[in-house]
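S.K.: Have a look at this one before I ask anything.
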Amino acid sequence: MIYLLAGNPNVGKSTFFNLITQSHVHVGNYSGVTVEKRVHHVKGFEKANLVDLPGTYNVSPNSEDEGVVTYSLLKESYKGIVNIIDSTHLKRNLHLSVQLLELGVPSLLVLNMKDALRNNGYIIDAVKLGSLLNANVISISARERKNEDHELFVSELKNLQTHKALELNYPTPIKWGIQRIHDLLRFDTMQVKKKWLALQILEGNEGVFQHLDISKVDRIREVVLEVERRIIKEDIALSLKGAIFNTRRLFINGIVEQCLIQVEVKEHSKYYNQKVDRYITHPVLGIPIFFAIMLLVYQISFGNFLSPGTYLTDLFGQFWDNILTRYVGEFLLLIGIDGFAFGLIIDGILAGVGGVITFLPQIIILFFLLAILEGTGYMARVAIVMDRFLSKFGFNGKSIVPMITGFGCTVPAIMATRTIADKKERMLTILTIPFISCSARLPIYLIFINIFFDKYRAFVMLGLYLLGLLVTLFSAKLLSLSYFKGSGSKFIIEVPQYRMPQLRTITYQALEKAKRFVKKAGTFILIGSIILWLLSNIGPSGIEIAQEDSFMSIIASFISPIFTPLGFGNWQATSSLISGFLAKEVIVSSLEILYMGNIAAAFTTVSALSYVAFASLYVPCISTVATIRSETGSTKWTLFSVVYPFIVAYIVALMITGIGLGIQAII
Amino acid sequence: MNITDLKRDEKAQITSLGNLDKKFIGRLMDLGIYESAEVVMLNCLTFNKLYVIEVDEIELCLREEDAKQIEVKK
């Protein structure tokens, strides 16, 4: 039995799942879009599967995520709907509930956050609300993890009954429009009520049209225009959508008045005007405070000293190299596997996958800390503080979280863009974030700085990080002036109450993201490692050959002349860049192997700088490209994300070479 | 008058959403900002470039240029 689970964003859905689910599985994506589909199994009611719909305020889609809701209501087969509601924001949450209840499908409204509402001095009369809305209503507090809440939910879900569809008294022109559209669709078969569909069309739900007979679309659109004209002419509202919204709002206000009961007079403390916010969103102090907090987060996850992240990653790396790889190697030799196959498993697969997977502890810790910041409500303040600066480049205040994550690893940074509602701004952020210097580029910087720029270590390092940031901002500006015109023009954010984040929820969120990292990065790295190792160990003359005779060397020698103007037109440097596509750290190991430990002799100061800059910017690693593909769902933009950085890197490296040689000539 | 004319803690009723684009109005509506809704001005930030308002007990932050489009009456 399938139940759809719907609700506004931030209503405590993850906490709710913690309370009621046994396990959950990903069952691929919703058809046509890139939104992940997840099914949760209810503890104590094995037959029930909850399909998790993306958080939305409205059935009408504003974003791709929200389009899934309309699709599911129209096309999925389900027994009923579970609607989770944040009791402290009852009025707003009921807008979605009303739309769902107008469907006339068996529905269970779960009023979550009972405890928070009680703290504000209120309770909700669930029985009365149920009778006014024609639905089953329960009040729970998922945060407190009480068994009785879980039992109440299960028993209500088991006894869910069909109710009469909710009917609101919409203005006459809308009623007329509903009837007209209903008549036009008279002979079509659909699983939802046609009157509901008609109302959704009038509201502007474009997602519905995809499921209609094309020949009728034009006539339906005419009806919509006619209704809109009458709404404005008769002075009912500013727009058709507004008229529907207002009818619902009045209905909801009436209901809330009857069901929300004040039991204790408490001074309503404003979320914003707390003393803390005076500093945190301060026009001058806000940004330094933010940088200080981020510095601490980085120090803990990626720092050089006293960092649990680095410590665990080192430990994991040692385990991988000294124990796992060693014993697998010994085992392979024991069962008689050596030579080519041995090399493929040890130097190809284990080394390639290990190079990336060993960053897992750092990534878990980073996500854990970011989840804490998000959970407390701080990140919303950061978005506010940074909005003014970022909007100048076509970003949105909300882009700041992915950008920060990008200094750690680009893959989770791209995943973090999901909170950006505007599609243009989200794409812009996804396409420019790979320029931000992720931690995998650090080894490349370090090796070259050690050899060539020992005197100016901090200066060069800072320069390389700034270079990445500048290219990010420059590219964003360029894109926002061209293809993504109008990006960054709008910003509105809800200021949440400061909350004490729950350890359980945060751990759950961090592990969920870590799992995705392992899965997505893992599969591609594995395949990529195998291909790259094979290419550098097989040649026209067969296997077990010198590296100069491998296909990799042949391909690299063919490509390398294009790098001659940049000062590193040889096959070793080129091969390293090709392998770097797998993971940027691989560049370092490739250089070491191919130059046989003598990198110093192969580069001049200028070509070294040019190479480092190029290696940092040229193409995102394969896991990033895979993530861009899965998050944008677009081959075109994925291709762009590979080609554009290459061009930018080439220009930057060429400029460095030109300026460098110029300075040398003068000196 | 519009939202930016309100003083801190002043209450008003929205009368029109001016020339904001349709899609953005949709987002504002999702958050409860629409004609006849009551707003309370809570604060202005970053040198009056951002405004924090309250609608239906939800606190929201929006930019000056958008806030200027939202007409209100006391």
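The values are calculated or read from the model by the stated rules, or taken from the named source; none is laboratory data. Keep in mind that what you see is a predicted model, and the values were worked out from it rather than measured. Note that each Cβ is placed from the backbone with ideal geometry, even for glycine, and that neighbours are counted across all protein chains shown. In case anyone asks, the SASA skips ligands and DNA or RNA and just uses the protein heavy atoms, side chains included. Shrake-Rupley method; radii C 1.70, N 1.55, O 1.52, S 1.80 Å.
S.K.: Using the Karplus equation 6.51 cos²θ - 1.76 cosθ + 1.60 (θ = phi - 60°), what ³J(HN,Hα) coupling, rounded to whole Hz, does each residue of segment A:599-614 give in order, writing x for Gly and Pro?
M.R.: 5, 3, 6, 8, 10, 9, 4, 5, 5, 5, 5, 4, 5, 4, 4, 5
S.K.: Report the equivalent ellipsoid semi-axes for chain A in whole Å, largest first, defined as the square roots of five times the eigenvalues of the gyration tensor built from alpha carbon atoms.
M.R.: Working through the eigenvalues yields semi-axes of 52, 27, 27 Å.
S.K.: When all C-alpha to C-alpha distances in segment A:425-578 are sorted into bins of 5 Å, what percent of pairs does each bin hold, rounded to whole numbers?
M.R.: Binned Cα distances yield the sequence 2, 7, 8, 9, 13, 16, 16, 12, 7, 4, 3, 2, 1, 0.
S.K.: To test your reading of the geometry: what angle, between 0 and 90 degrees and rounded to tens, separates the Cα axis of helix A:90-101 from the longest principal axis of chain A?
M.R.: 80
S.K.: Hey, another quick one. With a 1.4 Å probe and every protein chain left in place, work out the accessible area per residue of the protein assembly as shown in Å², rounded to a whole number.
M.R.: Values: 32570 Å² over 741 residues.
So the protein assembly as shown comes to 44 Å² accessible per residue, rounded to a whole number.
S.K.: Ignoring everything except DSSP H segments at least 4 long, calculate the 222 nm mean residue ellipticity for the protein assembly as shown; use -39,500 (n - 2.57) per segment, divide by total residues, nearest 500.
M.R.: -16500 deg cm²/dmol
S.K.: Please work out how much accessible surface residue A:236 shows to a 1.4 Å probe, ignoring ligands, DNA and RNA, in Å² rounded to 10.
M.R.: 60
S.K.: Could you give each residue of segment A:334-342 its phi-based ³J(HN,Hα) in whole Hz, using Karplus coefficients 6.51, -1.76, 1.60 with θ = phi - 60°, and x for Gly or Pro?
M.R.: My calculation for segment A:334-342 gives 4, 8, x, 9, 8, x, 4, 4, 4 Hz in order.
S.K.: Is segment A:200-263 best put as rounded, prolate or oblate by its Cα gyration tensor, with a ≥ b ≥ c the root eigenvalues, rounded for a/c under 1.5, and otherwise prolate when a/b is larger than b/c, oblate when not?
M.R.: oblate
S.K.: Oh, and also: With a point put 7 Å past each Cα toward its Cβ, work out how far residue A:543 is from residue A:630 in nm, to one decimal.
M.R.: Going from the residue A:543 label point to the residue A:630 one covers 3.1 nm.
S.K.: Using the crude model of +1 on Lys and Arg Cβ and -1 on Asp and Glu Cβ, and no other charge, please compute the dipole size for segment A:214-297 relative to its Cα centre, in debye to 20.
M.R.: Numbers: 13 positive and 10 negative charges, 34 e Å.
Dipole magnitude for segment A:214-297 comes out near 160 debye.
S.K.: How large is ³J(HN,Hα), in whole Hz, for each residue of segment B:64-74 in order, when computed from phi with the Karplus curve 6.51 cos²θ - 1.76 cosθ + 1.60 and θ = phi - 60°, using x for Gly and Pro?
M.R.: For segment B:64-74, the Karplus-derived couplings read 4, 5, 7, 4, 5, 7, 8, 7, 9, 10, 7 Hz, x marking Gly and Pro.
S.K.: Longest exposed-loop-site-free stretch of chain A, with GluC sites (Glu not before Pro), DSSP loop and at most 10 other Cβ within 10 Å?
M.R.: The segment A:268-667 is the longest one with no such site.
S.K.: Okay, next question. Can you compute the radius of gyration and Dmax for segment A:86-188, using only the Cα atoms, both in Å?
M.R.: Computed over the Cα atoms of segment A:86-188, radius of gyration and Dmax are 16.8, 53 Å.
S.K.: Just grab the label-to-label distance for residue A:655 and residue A:340, each label 7 Å out from Cα along the Cβ direction, in nm (one decimal).
M.R.: 4.7
S.K.: Further question: Any chance you could give the angle, 0 to 90 degrees and rounded to 10, that helix A:503-516 forms with the longest Cα principal axis of chain A?
M.R.: In chain A, helix A:503-516 runs at an angle near 60 degrees to the longest axis.
S.K.: Then there's this: If you count, for every residue in A:236-246, the Cβ atoms of partner chains within 10 Å of its Cβ, what is the mean?
M.R.: So the per-residue partner count for this stretch is 4.
S.K.: Quick one: net charge around residue A:468, please, counting Lys, Arg +1 and Asp, Glu -1 for every other residue with C-beta under 14 Å from its C-beta.
M.R.: Residues close to residue A:468 contribute a combined charge of +2.
S.K.: Once the dipole of chain A is set up with Lys and Arg at +1 and Asp and Glu at -1 on Cβ about the Cα centre, which of A:380, A:440, A:209 lies farthest towards its positive end?
M.R.: A:209
S.K.: Which pairs break 25 Å Cα to Cα here: A:424/B:7; B:49/B:73; A:79/A:175; A:164/A:194; A:398/A:477?
M.R.: A:424/B:7; A:79/A:175
S.K.: Which angle from 0 to 90°, rounded to the nearest 10, does the C-alpha axis of helix A:423-432 make with the longest principal axis of chain A?
M.R.: It works out to around 10 degrees.
S.K.: With the cut-off at 1.5 for a/c, could you classify segment A:448-522 from its C-alpha gyration tensor as rounded, prolate or oblate?
M.R.: Judged from the Cα gyration tensor, segment A:448-522 comes out oblate (a/c at least 1.5, b/c at or above a/b).
S.K.: Still on this model: Taking a point 7 angstrom from the Cα of residue A:593 along the C-beta vector, which residues in segment A:345-385 have backbone N less than 13 Å away?
M.R.: Counting backbone N atoms under 13 Å from the label point, the list is A:345-355.
S.K.: Additional query: In terms of the Cα gyration tensor, with a ≥ b ≥ c the square roots of its eigenvalues, is chain B rounded because a/c is under 1.5, prolate because a/b exceeds b/c, or oblate? Don't jump to the answer; show the numbers that get you there.
M.R.: On the way: a/c = 1.37, a/b = 1.21, b/c = 1.14.
Here chain B falls in the rounded category.
S.K.: Considering only the other residues whose Cβ falls under 11 Å of the Cβ of residue A:410, what net charge follows from Lys and Arg at +1 and Asp and Glu at -1?
M.R.: +2
S.K.: Rounded to the nearest 20 debye, what is the charge dipole size of the protein assembly as shown about its Cα centre when +1 sits on each Lys and Arg Cβ and -1 on each Asp and Glu Cβ?
M.R.: Numbers: 72 positive and 65 negative charges, 253 e Å.
Computed about the Cα centre, the dipole is about 1220 debye.
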